[in-house]
Amino acid sequence: MRVDATLFISDLHLSPDAPATLNRFLAFLDGPASQVRRLYILGDFFESWVGDDDLPSPLPDTVVRALRAQADTGLEIHIMHGNRDFLLGKDFCLASGTHLLADPTLIELHGTPTLLMHGDSLCTDDLAYQQFRLQVRNPAWQQAVLARPLAERRLLAAQMRDQSSIAKDGKTMVVMDVNEEAVAEAFRNHDCPRLIHGHTHRPARHVHLVDDLERERWVLPDWYETGGYLKCDSLGCQLLAWAG
Ligand code: LP5
Ligand code: MN
């Protein structure tokens, strides 16, 4: 019997190189996620996703089957693109029984209008990243890239990862965090009291005063060392650790 609660996760960065994280996620699906009605995955679920034609590979196959098993027993699963897995497409969703969620999306969460984002679009001080984001989210660019052979895309993704790592060495933590004004704009544009996002890997509950109204911003944890999730119901939200 599933209870009327909603879980949020992001930034698992699932990869064949991190089997412990995969196991932690599988245990999460069989544990907390099996008790509730809805799960939202807010981006960077995979360390990188180079196209849905990679679905037969062992890691995607295991993950898809596990998601499907929960979806088939009544878990509503929504997934949003992150900056690592923005190429997740219809075939992935169809196979896993999940629903692709636009970034941003406003939902009615147990009675509270709640804005969901991956979080990268809020990091407006990171100008180099925002430029990169514009390029890789361009449908024409994506179509051209997806036309390349799978092996070539894997290589390209690895090169991008290296470049990104070098670029980050030259950036401060402040530049790589969300911009306060971008957060305020998001609250204003969607006229909501709550925002949930990931990406920065700095789990917390922040309170923002925007236009004389107090709003809360929940930041989800990554799953590199341990893991964690946000659990929400009609009483509110709480961040919970998940060690598996
Ligand atoms: O990812 P993370 O957390 O380390 O850093 C992000 C920002 N970086 C990125 C880039 C991704 O990591 C790249 C991986 C994508 C994998 C999937 C690709 C599949 C499609 C391609 C294959 C078909 O998102 C980083 C932010 C940081 O978050 C904090 O917010 O700062 O931004 C950057 O580092 C961007 C750089 O500043 C500028 C762009 C460098 C990359 C250029 C690539 C050039 C291509 C090389 C290939 C010849
Ligand atoms: Mn991210």
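The values are calculated or read from the model by the stated rules, or taken from the named source; none is laboratory data. Note that the structure is predicted; figures quoted are calculated from it, not measured. Here the Cβ positions follow ideal geometry from the backbone for every residue, glycine too, while neighbour counts run over all protein chains shown. For the accessible areas, the whole protein counts, side chains as well, though only heavy atoms, and no ligand, DNA or RNA atoms are used. Shrake-Rupley method; radii C 1.70, N 1.55, O 1.52, S 1.80 Å.
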Enumerate cysteines in the chain without a disulfide-compatible partner, where compatibility requires another Cys Cβ under 4.7 angstrom. Cys93, Cys123, Cys192
Which value, in debye to the nearest 20, gives the size of the charge dipole of the chain about its Cα centre, when Lys and Arg are +1 and Asp and Glu are -1 at the Cβ? 400 debye
Note down the accessible area of Phe46, probe 1.4 Å, to the nearest 10 Å². 0 Å²
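Taking the solvent-accessible surface of protein heavy atoms with a 1.4 Å probe, what is the per residue accessible area of the chain in Å²?
48 Å²
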Honestly the range 91-244 on the Cα gyration tensor test (a ≥ b ≥ c root eigenvalues; a/c under 1.5 rounded, otherwise a/b vs b/c for prolate or oblate) is just prolate
Residue with peak Gaussian network fluctuation, the chain [Cα springs, cutoff 10 Å], from Leu156, Leu134, Leu55: Leu134
Roughly how far apart, in whole Å, are the Cα centres of the range 136-186 and the range 92-130? 16 Å
In the range 1-93, the trypsin sites (Lys or Arg not before Pro) that sit in a DSSP loop and have at most 16 other Cβ atoms within 10 Å of their own Cβ are Arg2
Judged on accessible area alone, 1.4 Å probe, highest first, Thr124, Thr200 line up as Thr124, Thr200
Rounded to the nearest 10 Å², the accessible area of Lys168 using a 1.4 Å probe with every protein chain kept is 90 Å²
Check which residues have an amide H placed less than 5 Å from Ser57's amide H, if you skip close sequence neighbours. none
Measure of exposure for Glu185: accessible area at 1.4 Å probe, Å² rounded to 10, is 70 Å²
Residue-by-residue Karplus 3J(HN,Hα) for the range 58-68, coefficients 6.51, -1.76, 1.60, Hz, glycine and proline x: x, 5, x, 4, 4, 5, 4, 4, 5, 5, 4
What number, rounded to the nearest 500 deg cm²/dmol, is the helix-based mean residue ellipticity at 222 nm of the chain, given -39500 (n - 2.57) per DSSP H run of at least four residues and division by all its residues? -10500 deg cm²/dmol
Contour minus Cα-Cα distance for Met1 and Ser164 (0.36 nm per residue): 54.3 nm
